[in-house]
Amino acid sequence: SFIGEESVAAGEGSILTDNPTWIIDPIDGTTNFVHRFPFVAVSIGFVVNKKIEFGIVYSCVEDKMYTARKGKGAFCNGQKLHVSGQEDITKSLLVTELGSNRDPEAIKIILSNMERLLSIPIHG
């Protein structure tokens with residue numbers, strides 16, 4: 001099976017089944033792309049039995065290829081990636097994205113989540 005983000009965003013329905021399925025977003029960061037903001041990627045995932053088996057993200061501007069396979073770890077341009085080991089959230093940098101859903105109820109939830117996150121004394 002095949003699920004394309006652009007067709008789903010256009011309103012086409014999509015149901016994830018147990019069948020082997022490719023999930024592809026050829027312009028991940030469409031809004032960034034439209035506004036010439038340089039954070040755009042090509043994202044590809046492969047799912048079997050509704051569980052991700054591997055994923056690939058190519059960051060076009062950075063010319064970096066991120067890959068990960070279930071049980072095998074994650075890599076950037078072939079170099080193994082590791083988590084920082086930081087366990088104290090107050091010493092962390094938090095990154096978030098607001099999404100594109102402007103439904104009033106979704107906005108309430110997003111802003112509530114942001115308020116909770118901003119009350120944590122993080123670095124930034």
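Yes or no: the range 87-109 includes at least one residue that is in a strand (DSSP E or B), within 25 Å of ILE3 (Cβ to Cβ), over 14 Å from the mean Cα position of the chain (by Cα) and of a type in the set (A, V, I, L, M). No, there is no match, as no residue in the range 87-109 is in a strand (DSSP E or B), within 25 Å of ILE3 (Cβ to Cβ), over 14 Å from the mean Cα position of the chain (by Cα) and of a type in the set (A, V, I, L, M).
Of (1) open to solvent by less than 80 Å² (accessible area, probe 1.4 Å); (2) part of a strand (DSSP E or B); (3) not aromatic (Phe, Trp, Tyr), SER14 satisfies all except one. Which? Of (1) open to solvent by less than 80 Å² (accessible area, probe 1.4 Å); (2) part of a strand (DSSP E or B); (3) not aromatic (Phe, Trp, Tyr), only one is false for SER14: (2). Looking at this structure, is ILE109 on the phi < 0 side of the Ramachandran plot, among the hydrophobic types (A, V, I, L, M, F, W, C) and open to solvent by less than 100 Å² (accessible area, probe 1.4 Å)? Yes; evaluated as a whole, the condition is true for this residue.
Please work out if SER84 is in contact (Cβ under 8 Å) with a residue 60 or more places away in the chain, among the small types (Gly, Ala, Ser), part of a loop (DSSP other than H, G, I, E, B) and open to solvent by 60 Å² or more (accessible area, probe 1.4 Å).
Judged against the criteria, SER84 is not a match.
Based on what the data block shows, is LYS91 among the basic types (Lys, Arg) and modelled with pLDDT under 90? Yes: the conditions hold for LYS91.
Just wondering, is there one or more residues in the range 37-54 that are small (Gly, Ala, Ser), out of contact with any helix residue (DSSP H, G or I) (no Cβ under 7 Å at 6 or more places or on another chain) and not in a strand (DSSP E or B)? Among the residues of the range 37-54, not one is small (Gly, Ala, Ser), out of contact with any helix residue (DSSP H, G or I) (no Cβ under 7 Å at 6 or more places or on another chain) and not in a strand (DSSP E or B), which makes the answer no. Within the range 93-106, residues that are within 14 Å of SER119 (Cα to Cα) sit with their Cβ atoms under 9 Å from residues that are open to solvent by 100 Å² or more (accessible area, probe 1.4 Å), at 6+ positions apart or across chains, in these pairs: LEU93/HIS123; LEU94/LEU118; LEU94/HIS123. Regarding GLU62, is this residue surrounded by 10 or more Cβ atoms within 10 Å (Cβ to Cβ), at pLDDT below 95 and under 28 Å from GLY124 (Cα atoms)? Spelling it out, GLU62 is indeed surrounded by 10 or more Cβ atoms within 10 Å (Cβ to Cβ), at pLDDT below 95 and under 28 Å from GLY124 (Cα atoms). Of all residues in the range 30-59, those satisfying the criterion of being in contact (Cβ under 8 Å) with a residue 24 or more places away in the chain and open to solvent by 50 Å² or more (accessible area, probe 1.4 Å) are THR30, THR31, ASN49, LYS50, VAL57. Please indicate, with yes or no, whether at least one residue in the range 75-84 is closer than 25 Å to THR17 by Cα, in the same structural domain as THR17 (by the TED database) and at pLDDT 95 or above. Within the range 75-84 (the criterion being closer than 25 Å to THR17 by Cα, in the same structural domain as THR17 (by the TED database) and at pLDDT 95 or above), the answer is no, since none of the residues qualifies.
The values are calculated or read from the model by the stated rules, or taken from the named source; none is laboratory data. Everything numeric here is computed off the predicted structure, so don't read it as measured data. For neighbour counting, all protein chains shown are included, and Cβ atoms are generated from backbone atoms with ideal geometry for every residue, glycine included. Protein only, heavy atoms only, side chains kept; ligands, DNA and RNA dropped before computing areas. Shrake-Rupley method; radii C 1.70, N 1.55, O 1.52, S 1.80 Å.
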